[in-house]
Every structure is written in C-alpha cells, then in structure tokens.
Amino acid sequence: MAFSNEPSTRHLSSLSDVWEAPYWMDDADEPQEDASRVIGDVTADLLIIGGGFTGLWAAIEGRTLNPNLDVVLVEATAIAQGASGRNGGFVAASLTHGFSNGVERWPGEMQTLVKMGHQNLDEIEQFVREHNIDCDWQRVGEIDVATEEYQVEGLKQFVHDAAEYGEELQWLDQDTVRGRLNSPTYVGGLFDPDSVAICDPARLAWGLRDVAIAMGVRVYEHSKIEWIDERGTTVTAKTQFGSVTSPKVLLATNAFPPLLKRLKYMIVPVYDSVLVTRPLTEEQRLSIGWAGSEGVSDSGNQFHYYRPTVDGRILWGGYDATYHFRSGFGPQHEHSAKSWPKLADHFFTTFPQLEGLKFEYAWSGAIDTCTRFCAFWGTALHGKAVYVAGYTGLGVGASRFGARVAIDMLLDRDTDRRQLEMVRTMPIPFPPEPFRSAGINFTRWSLDRADHNQGQRNLWLRTLDRLGMGFDS
Ligand SMILES: Cc1cc2nc3c(=O)[nH]c(=O)nc-3n(C[C@H](O)[C@H](O)[C@H](O)COP(=O)(O)OP(=O)(O)OC[C@H]3O[C@@H](n4cnc5c(N)ncnc54)[C@H](O)[C@@H]3O)c2cc1C
C-alpha cells in the first residue's frame, strides 16, 4: 500500500501530550555549562564556524594532524543545537546518500566510495569506543522495507548490483521481514547488516565536543558569526562582542543561512519531521517483535525512517520534506501542524497493533538539500575559506568524511580523498525564486504521483534524472 499524502486528523489524539522539542535534548547528561562567548579580538591558526558534527570532526582532525595548530571553533548557539542534535541517529556508511545515487553519478569510483564509506563508519565506531563516548552506539544494520509489490523487484535486483561494489545485502521475504518487525504493510525487505549503526546523536556530538576540548580546541558558544571578510593574508569573522582572525576558515554551517552568497544557490533548507513515542509496554513490544533493533526505512520516494531507542520508544520520521519560500529558515518552521498528524497517521498504518500509543516528542529540523543529495566542497576568499555542505539528510556519518576532506584542503594535504570526482565536482545550483519553489513543489508533486502510480516517473522527473538533478531528503 502507498501512504496517503492527504492531511489527516485520524490520530490527532496521539499527539495530545507531545513536547515540541527533540527527544535527544531531553537528557540529564546535556552539558550543564556552555562555553563562553567570543569577547574581543581572538586569533587562531584555524577557525571553524559551526558546532555540529562537521565542525567537531574537523576540529579533531585538525588537532590530530597537527597538535600545534591553534584551532578555534565558534558556534552560534550551543553544540548539537543544529541538525546534529535533532536527527534520527542513523549513522550510515554511505557517503553518497545511498548506493543508487552514488552509482548513478560516479559509477567509476563507486567501489572506492563504498570502501571509504565503510572505513569511515568503522573509524567512527572505533573512536566512540576509544574515547568512551556514551552515545548508545549499536551496529544493528538497516532494513529497507517494500510496502508495495512493485518495489520488490527493484530491491531484489539491488542485492546483485550492490554486490559488484562490495556491499553485502540480504533479501528478506515477506514472512522473514515480518518475523523481524511485524507490520501488515511489509511485502519484503532488503537487509544491510553492516552499513548502518544507530546512536544518540546529541550524545555523540557532546562526546566529540569533550574530546575536542581535551585536545586543546578552543570552543566558543552563543557567538554567531555575522560576516566574514578577507584582510590581507587572514580572514576576520565578526561576532556580536568580538571577532576571530585566522588565515584559514572552515564554514560548517549546514542548512543555516550561509555566510557566502554563492551557497544560497547550492543548498536549500528542507524541513523534515520526527515523532518519538512513549516507551512501549512489554505487550506492545512483543506485538511488533524487533529483537534485532535494526534501523528501518521504507522504499517510496517519500520515505519514513524509524528505529527503537534504548529506553523502549520508537522514533518515527521523514516522509514530508517541506521547502519554505525563499529558503525560509528558523524556529517558526520547527513546529509542523501539517506533517506531524500525517506522520502519526502513517505510524498507525504501519503498526495498527500499537493503536492507543501516544507520542511524547515532536520536532522538525532543516536538512541542507543540494541537487546531487550528497556533500560538496569548495573554496572562497582566495583559498583561505573552505566550505562543505549538501549532505541532504544523510550526514551523521558522512560529515566526518566531509570534515576530513575540508581539512585536507585547508592544510593543503594531498590525499586520495581529494582526487575523487565526487570531491572535485559541484552540484547543479538551484534557480532563484520564484522558479526555485515552483520547481521544488512540482518535483515533490511528481514524486508523490510516482509513489501512487507504481513508481512510474513522469516526464519532469525523467528530465531531472537525465540532468543529474533532483529533490530528496
Ligand atoms: C530531522 C532530521 C533528521 C535527520 N536524520 C538523519 C539520520 O538519521 N542520519 C543521517 O545521517 N543524517 C540525518 N540528518 C542529517 C544530519 O543530521 C546532518 O547532515 C548532520 O547533522 C550535519 O552536521 P553539520 O555539522 O554539517 O550541521 P549542523 O549540525 O546543522 O551544524 C551546523 C552548526 O552551525 C552553526 N552555525 C550556523 N551559522 C552560524 C554562524 N553564522 N555562526 C556560528 N555558527 C553558525 C549552527 O548553529 C549549527 O550548530 C537529519 C537531519 C534532520 C534535520
């Protein structure tokens, strides 16, 4: 069955008690004391703007490569307040927003990208262990479930296609997949046992922050950079009460309004929503199974992703990917009266046996969507500034790779990563408004039609496919 894209009030009562904030932030272990603000004029060898995964990994990488490098990280609010603390906590090996996207764009280097992606995930896991980061890390894999017959052949074919590139996937027939997680909507599933871990992303970010500080990185919070300006051999970044001057700058600001004008055409903020249930009773848990705690996503163009939490809840997100006119961004978009009821409705369609369960948390957050759905890198201010952005909803793991490439560029290191075509090329820009919103909304409409028409892509989607463009979350 295809999920209905119509507004729904059928399960509104399940949202009656939600707290409108990310579940991950309701944590007694959240750092109690934020770092201080930038006051006066600060200097550094490397300035990192943005305290999400990209900025944190970059700071750690910079100090690891050169322990004498004076690294300053400046965050507008507090660490993990951006996408890094409000995502689903799926840590994927994929650097390309999934295998299909990668193989369509870079068939010649996909083998290398798959290898580097797995190495990246293994190294994150190793880092978490070595530094005792308490982030509920579980390497449980992911099941991509088919909820319609037409999806089955494509997923089965995937097992063979991906094997050529070193991915080991397993096809699960209807009984087997329902034996793992019991939903009457499933007709089969593709299990990837090794390429995905789940974690508590906010705790991961706080852990990285602690490691970075222990390594000597100077972290400043509540210090929004208002503008950056080139001054001779350095760049000055202005905050409300001071400035940071450095010869090298990394812009790691993800979907936030960019400091460089050119990025306004390369990424758009797209809002994705998440619900988290109350802890399930033993009976509810038994009614769905899920002994393996795998991450799950379904296979439509508009897809849900879901996973259990360590305290026995279900995190359920995705489907709607909402773009607001003129790249609208801000807290006013973090509460979605449209998406949350729809998500609740889809949840009970998937798990009717959980009827009566309530959601306790609901939030929305911005994804930095680009037209190729995965990270891109570039330089500005005569090479003094480097940016990385565009993870499009799959950046928890990929941001470490993104950060390392950015540091390679800033420290002028000649690495295999930098030779990749993926790293050397840029996505096609989005057009200005009003064409931007018209194009995105027409693409979303077309994707919805495809989801309700056996996956058949209309002329518009086929044209975008040929141009190497698209819209995803
Ligand atoms: C709802 C949702 C669900 C998601 N689920 C998943 C998932 O399950 N798996 C996955 O892989 N990915 C997921 N993602 C994407 C993933 O969270 C991001 O790709 C990743 O966190 C990006 O990290 P980042 O450091 O680049 O960005 P962010 O975490 O957004 O960090 C950017 C930081 O820059 C700061 N900043 C911005 N402008 C300035 C400025 N001018 N001065 C100073 N600081 C500034 C911001 O305050 C922010 O803290 C999801 C995203 C969302 C929104």
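The values are calculated or read from the model by the stated rules, or taken from the named source; none is laboratory data. A quick note: this is a predicted structure, and the numbers were derived from the prediction, not measured. Every residue, glycine as well, gets a Cβ built from its backbone with ideal geometry; the counts of neighbours run over all protein chains shown. For accessibility, only protein heavy atoms count, side chains too; no ligands or nucleic acids. Shrake-Rupley method; radii C 1.70, N 1.55, O 1.52, S 1.80 Å.
Taking Gln111 as the residue in question, decide whether it is out of contact with any Gly (no Cβ under 9 Å at 6 or more places or on another chain), more than 22 Å from Ser293 (Cα to Cα) and open to solvent by 30 Å² or more (accessible area, probe 1.4 Å). No: the conditions fail for Gln111. With respect to Arg209, is the statement that it is in contact with a Pro (Cβ under 9 Å, 6 or more places away or on another chain), in contact (Cβ under 8 Å) with a residue 12 or more places away in the chain and of a type in the set (D, E, K, R) true? So Arg209 fits the description; yes.
Of the helices (runs of 4 or more DSSP H) lying entirely inside segment 393-457, those carrying at least 2 residues that are among the polar types (S, T, N, Q) are 435-451.
Limited to segment 193-216, what total is found for residues that are away from the ligand (no atom under 15 Å from the Cβ), in contact with a strand residue (DSSP E or B) (Cβ under 8 Å, 6 or more places away or on another chain) and either open to solvent by less than 10 Å² (accessible area, probe 1.4 Å) or not β-branched (Val, Ile, Thr) (or both)?
2
The set of residues in segment 312-340 being farther than 20 Å from Arg10 by Cα, among the basic types (Lys, Arg) and surrounded by fewer than 20 Cβ atoms within 10 Å (Cβ to Cβ) consists of Arg326 alone.
Residues are listed down the side, and each one gets a yes or a no for (1) away from the ligand (no atom under 16 Å from the Cβ); (2) touching a helix residue (DSSP H, G or I) at 6+ places or on another chain (Cβ under 7 Å):
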| position | (1), (2) |
| --- | --- |
| Ala252 | no, yes |
| Tyr265 | yes, no |
| Val270 | no, no |
| Arg278 | yes, no |
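Scanning segment 400-418 for residues that are open to solvent by 20 Å² or more (accessible area, probe 1.4 Å) and either in contact with a Leu (Cβ under 8 Å, 6 or more places away or on another chain) or under 25 Å from Ser327 (Cβ atoms) (or both) yields Leu411, Arg413. Checked against (1) open to solvent by 20 Å² or more (accessible area, probe 1.4 Å); (2) near the ligand (Cβ under 10 Å from one of its atoms), Lys248 passes all but condition (2).
Whenever a residue of segment 379-399 is touching a residue at least 24 places away in the same chain (Cβ under 8 Å) and surrounded by 19 or more Cβ atoms within 10 Å (Cβ to Cβ), its partners that are assigned to a loop (DSSP other than H, G, I, E, B) and β-branched (Val, Ile, Thr), lying with C-beta atoms within less than 6 angstrom and at least six residues away or across chains, give the pairs Ala389/Ile267; Gly390/Ile267.
With the structure loaded, tell me whether Asn101 is more than 16 Å from the ligand (Cβ to nearest atom) and either within 18 Å of the chain's Cα centre (by Cα) or open to solvent by 20 Å² or more (accessible area, probe 1.4 Å) (or both) or whether it fails that test. So Asn101 does not fit the description; no.
The set of residues in segment 419-435 that are open to solvent by less than 70 Å² (accessible area, probe 1.4 Å), closer than 29 Å to Leu65 by Cα and out of contact with any Ser or Thr (no Cβ under 8 Å at 6 or more places or on another chain) comprises Val423, Thr425. Taking the residues in segment 10-27 that are in a helix (DSSP H, G or I), surrounded by 14 or more Cβ atoms within 10 Å (Cβ to Cβ) and not aromatic (Phe, Trp, Tyr) as candidates, determine which candidate is farthest from the ligand (Cβ to nearest atom). Out of the qualifying residues, it is Ser14. For the subset of segment 322-374 comprising residues that are in a loop (DSSP other than H, G, I, E, B) and touching a Pro at 6+ places or on another chain (Cβ under 6 Å), which member is farthest from the ligand (Cβ to nearest atom)? Taking the candidates together, the pick is Thr371.
Applying the criterion of at least 1 residues that are at pLDDT 95 or above and under 20 Å from Gly207 (Cα atoms) to the strands (runs of 3 or more DSSP E) found wholly in segment 28-130 leaves 46-49, 71-74, 90-92. As a summary of the residue check, Gly85 satisfies the conditions (1) within 25 Å of Thr233 (Cα to Cα); (2) surrounded by 24 or more Cβ atoms within 10 Å (Cβ to Cβ) except for the one numbered (1). Of all residues in segment 104-123, at least one satisfies being within 14 Å of the ligand (Cβ to nearest atom) and either touching a Phe, Trp or Tyr at 6+ places or on another chain (Cβ under 9 Å) or free of Cβ contacts under 8 Å to residues at least 60 places away in the same chain (or both).
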